[in-house]
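> Please read through the structure below; I'll follow up with questions.
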Amino acid sequence: MRRRPFALTGSAVVVALALAACAPAVPAPAPAPAPVVAPAALTPGQSGRVLEDLGTVLAAADKKLDEDLLDPRVEEPALSMRGAEYVRADATDGDRAPTTLPTTAAATIVPRTQDWPRTQLVVTEQPADLQAPRILVLRQDEPRSQYKLWGWSRLLPSTSMPRTAKPEVGSPVVAPDSDELTVSPQDAIDQYADVLTKGKKSSHDDAFEPNASRDEIEALRSRNEKAVKGSGTYDESYTPEGDPVVSLGTIDGGAIVVGQLTALAKTTLTLDGATVPISDKFYQALSGKKTAKKSFVRTSTDIVVLYVPRKGSDEKMSVLAFESVITAAKAS
């Protein structure tokens, strides 16, 4: 029997087309249903392009020490931090250059979310001057806006970053008031601010592992207290600025929490005739004075990156990275 391989196929196509022409169109869902698991907010390729653009903007602004040139890729608080570093570099004739900010990623932590703002963390390669790697905090405020540098922090010595999901998958975003951790992200930032303000007198002192940045802060505070003893007082305070900018879940059920603190360091003179000589050219540029007769106040913008363990864990919280930039000074 002779085979007719194409006749049936052609007939079937004609019938299918005829049926399709008569049948009503299947309605498309509007809007499209959300996936069961939210996708990663940024692909590795997109993240690489963001870092490349950021590097170009930083290089141009750093060369001219021009804060206005940062606008395309830098936002607050990083904008004020970098601007203050430009003032410092200019006042010291370049001797105290802006912080080196590499824009090549050693690791990227991307949020898994469909909401805005979206914040990713980039652990940079070590700078050429062999300083500590940085953690860059990059945020997209709205769907069509650029990712911008929100802040940066220095990875502390001997710090190992907790394991997180691959960038292609994305890490879960943890709510500021989450009860899935030993303390909520917001409480973690609040408690560390209290520890920095009160030292060992803080009721949260034992909740955190020791770290190098805190040791430096306490050593400097001790020197300043001794320097003013007999002629005045020295006080420091650390205040959280709103909710953590982001908290991203780790593989072990904990979270990396990033927040901003404002630090005030105030020297108040109580001895008649005492003065505070302001010899530092950077402080002169910020305050507009060379001597303080009543008080001298420094304001710093601090970026802190914490690790908060999962609920039920016996681990203490730890500081992964910390950066402090003096952004204002006032003499009276």
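The values are calculated or read from the model by the stated rules, or taken from the named source; none is laboratory data. Just so we're clear, the structure is a prediction, and the values are computed from it rather than from any experiment. Quick reminder, even Gly has a Cβ in these numbers, built from the backbone with ideal geometry, and neighbours come from all protein chains shown.
> Mind listing whichever residues of region 179-191 are within 19 Å of the chain's Cα centre (by Cα), outside any loop (DSSP other than H, G, I, E, B) and either polar (S, T, N, Q) or within 19 Å of residue 314 (Cβ to Cβ) (or both)?
186, 187, 188, 191
> May I ask you to list the residues in region 258-300 that are under 21 Å from residue 90 (Cα atoms) and hydroxyl-bearing (Ser, Thr, Tyr)?
Those that are under 21 Å from residue 90 (Cα atoms) and hydroxyl-bearing (Ser, Thr, Tyr): 279, 283, 287, 291, 299, 300.
> Among the residues of region 256-275, is any modelled with pLDDT under 95 and of a type in the set (Asp, Glu)?
The answer is yes, given that some residue of region 256-275 is modelled with pLDDT under 95 and of a type in the set (Asp, Glu).
> Follow-up. So for region 261-284 (the condition being under 28 Å from residue 170 (Cβ atoms) and either exposed (fewer than 14 other Cβ atoms within 10 Å of the Cβ) or of a type outside the set (D, E, K, R) (or both)), does at least one residue qualify?
yes
> Within region 158-172, track down each residue that is at pLDDT 95 or above and out of contact with any strand residue (DSSP E or B) (no Cβ under 9 Å at 6 or more places or on another chain).
Across region 158-172, the qualifying residue is only 163.
> Something else about it: When you scan region 264-291, how many residues do you find that are closer than 26 Å to residue 238 by Cβ and either touching a residue at least 60 places away in the same chain (Cβ under 8 Å) or of a type in the set (D, E, K, R) (or both)?
Within region 264-291, residues that are closer than 26 Å to residue 238 by Cβ and either touching a residue at least 60 places away in the same chain (Cβ under 8 Å) or of a type in the set (D, E, K, R) (or both) number 7.
> Another question, then. Output the residues belonging to region 200-257 that are in a strand (DSSP E or B) and of a type in the set (A, V, I, L, M, F, W, C).
Result: 208, 246, 248, 255, 256, 257.
> If a residue has to be exposed (fewer than 13 other Cβ atoms within 10 Å of the Cβ) and without any contact (Cβ under 8 Å) to a residue 12 or more places away in the chain to count, how many in region 179-228 make the cut?
The qualifying residues number 11.
> Cβ-Cβ distance below 6 Å, separation of 6 or more or different chains: which pairs start in region 229-249 with a residue that is surrounded by fewer than 16 Cβ atoms within 10 Å (Cβ to Cβ) and end on one that is of a type in the set (Lys, Arg)?
Correct list of pairs: 235/266.
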